[in-house]
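Asker: Can you keep this structure in mind? I'll have questions shortly.
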Amino acid sequence: MAIIIRKPTKREMNEASSWPIWEKEASSFAWSYGEKETCLVLEGEVLLKAGEEEVSFKGGDYVIFPAGLACTWNIRKAVRKHYKFG
C-alpha cells in the first residue's frame, strides 16, 4: 500500500484550489483511510508512519493516501492542506 508524494502539476494545483481546507496544529494521532484521499499540502511538515514505513511531506507536496491505509500522523509544524476523498 504505497503513499504517493510528489510535486503537483499546474493542472492539479488549479483543481485542488477548489477543494476544502483542513488545518491541524502540531500533534500526533492515529488515522485510517476508508477511501482514497488526495491532498495538496499548503503549509506544514508531517512525518507519517504506516507499519514499518515512514514518509514525510511538507508544504508544496501533492500526496495520495490509498484506501485502507492505517497510519499515525506526527505533525511537526502546523498543517494546512486542500483535500479530496474518493
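Asker: Which of the residues belonging to region 74-86 are buried (at least 16 other Cβ atoms within 10 Å of the Cβ) and more than 12 Å from Glu35 (Cβ to Cβ)?
Answerer: Answer for region 74-86, where residues must be buried (at least 16 other Cβ atoms within 10 Å of the Cβ) and more than 12 Å from Glu35 (Cβ to Cβ): Asn74, Ile75, Val79, Lys81, His82.
Asker: Before we move on, is Trp31 under 13 Å from the mean Cα position of the chain (by Cα) and hydrophobic (A, V, I, L, M, F, W, C)?
Answerer: yes
Asker: Moving to a separate point now. Residues to consider are Gly60, Gly51, Gly68; find the one that is loosely packed, with under 14 Cβ neighbours inside 10 Å and under 12 Å from the mean Cα position of the chain (by Cα).
Answerer: None of the others qualify; the one that does is Gly60.
Asker: Does Ile64 count as under 14 Å from Ile3 (Cα atoms), in contact with a Ser or Thr (Cβ under 8 Å, 6 or more places away or on another chain) and modelled with pLDDT of 95 or more?
Answerer: yes
The values are calculated or read from the model by the stated rules, or taken from the named source; none is laboratory data. Because the structure is a prediction, the values reported are computed rather than measured. Glycine also receives a Cβ, built like all others from the backbone with ideal geometry; neighbour counts cover every protein chain displayed.
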